[in-house]
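Novice: Got a structure for you, questions after.
Values quoted throughout were computed directly from the atomic coordinates according to the rules given, and no laboratory measurement underlies them. What you see is a predicted model, and the numbers here were worked out from it, not measured in a lab. Using ideal geometry, Cβ is built from the backbone for each residue, glycine included, and neighbour counts are taken over all protein chains shown.
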Amino acid sequence: MSKYIKLIIFILVLLIISAAIVFIDSSIDNMNKLMPEISDGIVKGDNDYNEAVDLLNDKNYNESMNKAIAAGNNYNGSLSKLHILKDNFTSDVNNVHKDYVNNAISELELKLLAVDKLKESIDYLESQYNYTGSNYGFEANDYMDQAVKYRDARDSLVKDNPNLFKDNFII
């Protein structure tokens, strides 16, 4: 091979590597981009869940079920995005960010369990099985209480490490 061809190959390899570096985002950049969407899903899910409970207390079973389903959809959307982030962690992600994402995942998994129990509660209460429906409601509440502990753990990570969290990262 001539020196000219070797030089061309070398330049092409450098260009390809440079292009790859430009187009590959770091995990932190990906987190910062996705966190507003994840946060929005959690907030909407929480609002839908609370509305479902209020509607259930008013014995508006159909609307309560619709809100519970909407809460589950919002939580699932956020959870899916968090799993994508976690599956694509690279070396630029520190343990604090990993703990933050893991706490958010645990929180959402518990909230989804709460939604399932709330939907069972709605079904039973609508069918006049008040004792069973109330028990499912209590279970839903217990799952939400557990989820709050993970949210509080996330909040503590942010409070204890303000330099690691940008405004759009916090959920």
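Novice: Evaluate the relative contact order of segment 44-171 (contact order divided by residue number), counting alpha-carbon pairs under 8 angstrom at least 6 apart; express in whole percent. Please report the intermediate quantities before stating the final value.
Specialist: Values: 129 pairs, mean separation 30.1, N = 128.
In percent, rounded to a whole number, it is 24.
Novice: For the residue pair D155 and N130, what label-to-label distance in nm results when each label sits 7 Å from Cα along the Cα-to-beta-carbon direction?
Specialist: With each label placed 7 Å out from Cα toward Cβ, I get 3.5 nm.
Novice: When the chain is fully extended, how far beyond the present Cα-Cα distance does I84 get from N47, taking 0.36 nm per residue of separation? Can you show the working numbers first?
Specialist: Details: separation 37, 0.36 × 37 = 13.32 nm, distance 2.42 nm.
Working it through step by step, the gained length comes to 10.9 nm.
Novice: Turning to a different aspect of this structure: Assuming 0.36 nm per residue, please report the length gained on full extension of the stretch D40 to I5 beyond their Cα-Cα distance. Don't skip to the end; give the middle numbers.
Specialist: On the way: separation 35, 0.36 × 35 = 12.60 nm, distance 5.33 nm.
Separation in residues times 0.36 nm, less the Cα-Cα distance, equals 7.3 nm.
Novice: Provide the FRET efficiency to the nearest 0.05 for the D142-I69 pair, computing r from the beta carbons and using R0 = 25 Å. Please report the intermediate quantities before stating the final value.
Specialist: Working: r = 21 Å, r/R0 = 0.83.
About 0.75, to the nearest 0.05.
Novice: List the aspartates and glutamates whose Cα sits under 17 Å from the Cα of K59, skipping any in the same chain fewer than 8 residues away.
Specialist: D48, E51, E120, D123, E126
Novice: Structure shown: which of K86/K159; K6/K33; K33/K149 lie over 29 Å apart, alpha-carbon to alpha-carbon?
Specialist: Over 29 Å apart, Cα to Cα: K6/K33.
Novice: What does the highest-first list of 118-127, 142-151 look like by mean Cβ count within 10 Å?
Specialist: Working: 118-127: 19.6, 142-151: 16.6.
Ranking, from highest mean packing down: 118-127, 142-151.
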